[in-house]
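Asker: Can you keep this structure in mind? I'll have questions shortly.
The values are calculated or read from the model by the stated rules, or taken from the named source; none is laboratory data. These numbers come from a predicted model, not from an experiment. Using ideal geometry, Cβ is built from the backbone for each residue, glycine included, and neighbour counts are taken over all protein chains shown.
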Amino acid sequence: MKTLKTLLFICFFAFNFSGINAQIKIGQGVTSPNDWVDYNTTGIYVDVDTKSCGFTTTPHYLVTLESISNKGFHWYISGVPSIYNTTPTGFRVYLRWTDAPSDLPTVGSLNFPNPLRASTAQDRDWVIRWTAIEMQDCSPSRLDSSAVNTIFSGAFGKDGDILPKDNNGGAVNSTPENNLKIFPNPSSNILNVEYKGRIEKHEIYNLNFQLLGTYHSNTIDIKKFPKGNYLLKTYTSQDGIVTKQFVK
């Protein structure tokens, strides 16, 4: 058991939400008992490597602590899920005895180090079993405008405008959105915003309505974003909040 290597299992599930093609990427794996490292004098930690999953954003990580050989006694442990340093390529989990250092007589009688050391985790064959969930837009070539109509109760006009509907369900063509332009669209590197009034800030969201960044310049660097469809939310002095869609 001591030579168990970290295992990765990756699954992909495509689904359609309100007409928007989207993809959930799920990664799973288990660490090795030999991966534990002593932390100060109070506990231990393990770094979990998720690079093989190829996540492009930081996913939601879920972890459990177990003994792969059923040697047990991990129920004395606190800290799970004590997850730190989350990134698209991994995270860290810290553990310690419920009381640090432990004052439980049963712990001492079992010859466990006091406080918790990596050697104890190795001896008990403790591992972290983890699951990571990332949701992504997977329609990089186009945006299904009918889906955004449902979400925003509007329609797309030219220049990425999201136009509200009138009382009869038709699109209203004369709106504050016409006062704000974005170009080029699609764009690979830079998105320019043109507006005659004062702009307070810009926010960029993906189609899962996750905030990806806040910007105060009218020239926005989008090189770090993967290919796909995005929403630009601009806070203006005259027209309130103006929302546009653009393609990377």
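Asker: Output the residues belonging to the range 51-73 that are polar (S, T, N, Q), surrounded by 16 or more Cβ atoms within 10 Å (Cβ to Cβ) and assigned to a strand (DSSP E or B).
Answerer: Selection gives Ser67 alone.
Asker: Six or more apart or on different chains, Cβ atoms under 9 Å: show the pairs whose first residue is in the range 50-74 and modelled with pLDDT of 85 or more and whose second is among the basic types (Lys, Arg) and in a loop (DSSP other than H, G, I, E, B).
Answerer: Pairs found: Ser67/Arg124; Ser69/Arg124; Lys71/Arg124.
Asker: Related question: Going residue by residue through the range 222-235, is there one that turns out to be outside any loop (DSSP other than H, G, I, E, B), over 30 Å from His60 (Cα atoms), more than 20 Å from the chain's Cα centre (by Cα) and in contact (Cβ under 8 Å) with a residue 24 or more places away in the chain?
Answerer: The answer is no, given that none of the residues of the range 222-235 is outside any loop (DSSP other than H, G, I, E, B), over 30 Å from His60 (Cα atoms), more than 20 Å from the chain's Cα centre (by Cα) and in contact (Cβ under 8 Å) with a residue 24 or more places away in the chain.
Asker: On the given criteria, is Glu194 under 23 Å from Thr58 (Cα atoms) and either in contact with a helix residue (DSSP H, G or I) (Cβ under 6 Å, 6 or more places away or on another chain) or in contact (Cβ under 8 Å) with a residue 12 or more places away in the chain (or both)?
Answerer: No; evaluated as a whole, the condition is false for this residue.
Asker: Here is a follow-up. Filter the range 197-221 down to the residues that are of a type in the set (A, V, I, L, M, F, W, C), in contact (Cβ under 8 Å) with a residue 24 or more places away in the chain and farther than 18 Å from Asn178 by Cα and list them by number.
Answerer: Across the range 197-221, the qualifying residues are Ile204, Leu207, Ile220.
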